[in-house]
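Since the structure comes first, as structure tokens, the remarks are kept for the end.
The values are calculated or read from the model by the stated rules, or taken from the named source; none is laboratory data. Note that this is a predicted model, so its numbers are computed, not measured. Cβ placement follows ideal geometry from the backbone for every residue including glycine, while neighbour counts extend to all protein chains displayed.
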């Protein structure tokens, strides 16, 4: 029985398409002599647009998007509307402090997850209980989900953010269900060679000024539906049509902005 994947109805590609369409219309109106405020095409507006786009893509839960939006609004009001917030000398230290607190809190959360899993493993090895199984699929349940910890994971669904950092992960789940990957001023290396699934799963990727590398089994059917702006996608897989399994379809969706995606297989 094919597994259903609940895709996110929030399609970032459509949002980004409307943004590009709006910029094109503004440039055309300017060439035709129509009047509109000059600040609409300034560099703070670029930060605002990217920040808004990132927040929408991540259902307004992205710290990176909030920072870009905040910086954009600050510089727009200060430079274009002559607002004097008196924060010029403090804006960089405040931003670094906020980013540091965010990274520390995420790291502590990851350490707590690792500690919980280690305790579960110790308890399992001590008591030798029967491995819990999913009542529907009959497959063993995973121990938990680790989002940004570098290393191996048994999690069925991924949620990885690499912001100003690099993350390397190897997925060992035999019931892989896709997930979300975000690389902003950072990189993600995802090894799926030990993972397995049946049916079709979606992998949502967002790359902004960063890079991402996916290593996949050669028999998977990989379909890319990615919007790339000033970016590159390299498919370095060896083409073996006879080995492609039609029951293992991985659909890669998302947006790459000033970055790159590399897909490899061995």
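Spot the failing condition for residue 48; the list is (1) surrounded by 12 or more Cβ atoms within 10 Å (Cβ to Cβ); (2) within 18 Å of residue 255 (Cα to Cα); (3) at pLDDT below 80, and only one is missed.
Condition not satisfied by residue 48: (3).
Name every residue in region 28-82 that is closer than 20 Å to residue 98 by Cβ and touching a residue at least 60 places away in the same chain (Cβ under 8 Å), in order of residue number.
The answer is 50, 54, 58, 62, 63, 64.
Take the residues in region 206-227 that are modelled with pLDDT under 90 and crowded, with 21+ Cβ neighbours inside 10 Å; name whichever of them is nearest to the chain's Cα centre (by Cα).
Among them, the one singled out is 206.
Search region 85-98 for residues that are surrounded by 11 or more Cβ atoms within 10 Å (Cβ to Cβ) and pair each with any residue that is at pLDDT below 70 and in a loop (DSSP other than H, G, I, E, B) when their beta-carbon atoms are under 8 Å apart and the residues are at least 6 apart or on different chains.
Correct list of pairs: 94/87.
Taking region 218-257 only, how many residues are farther than 30 Å from residue 19 by Cβ and in contact with a strand residue (DSSP E or B) (Cβ under 9 Å, 6 or more places away or on another chain)?
10
Residue 35 passes all but one of (1) surrounded by 10 or more Cβ atoms within 10 Å (Cβ to Cβ); (2) modelled with pLDDT under 80; which number fails?
(1)
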